[in-house]
Amino acid sequence: MATWSDSDFLAAVEAGDFKATPWRPDDLTPNGLDLRIGHVQVLGQMEAPVSEGTVTVPPGERFVLGTQEFLEMPVDAVGSLWIRSSYARRGVLASFGKVDAGFHGNLTVGCFNASHEPVEIPVGDRFCQIVLEDLKTPPQAAYAQRSGNYQGQTGITLAK
């Protein structure tokens, strides 16, 4: 599998094969696209997600983030998520998996403050990077045709 460069992202956006709304070319890295925090919810402490300002996550608490970007993944590529090192250095752990070929929606990321200190989570901050890789062969069915459980999700979606 070949990893996409910033040039590959730009070409795919121009061709309409990949979309991130809002699109911010300044968030491109040499081999990925930084995704920003759109919503934050500290589980068990907040009734609803917060979509502006800064959320303080106490030590040892679970929280979820929703990306600002609504992604429209190509059917011939898969995404991997990587936490930005600035958050990892502050003790934030996150549960990342693959973003399926053909997925459309905001991403919801489960997180944990493993630090002994509170962590400030500003809405709008760059939190993780998506790295895309071409699939060796086209899938027999894209995400929507397989399970599609979270297709079209917006904001934060907790487990179904």
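All of the numbers you see were taken from the coordinates with simple rules; none came from a lab. None of the values given here were measured: they were computed from a predicted structure. Because the Cβ atoms are built from the backbone with ideal geometry, glycine has one as well, and the counts that use them run over all protein chains shown.
Worth a mention:
- With neighbours defined as other Cβ atoms within 10 Å of a residue's Cβ, the residues Trp4, Trp82 order from fewest to most as Trp82, Trp4.
- Legend: ranking of residues Glu61, Glu120 from fewest to most surrounding C-beta atoms inside 10 Å; resulting order Glu120, Glu61.
- The string of couplings for region 14-25 from the Karplus curve (6.51, -1.76, 1.60, θ = phi - 60°) is 4, 7, x, 8, 9, 9, 9, 10, x, 9, 10, x Hz, one whole number per residue in order, with x for Gly and Pro.
- Cα centroid of region 54-124 to Cα centroid of region 127-148, whole Å: 18
- Once C-alpha pairs closer than 8 Å and six or more residues apart are averaged by separation and normalised to the residue number of region 98-160, the relative contact order reads 66 percent.
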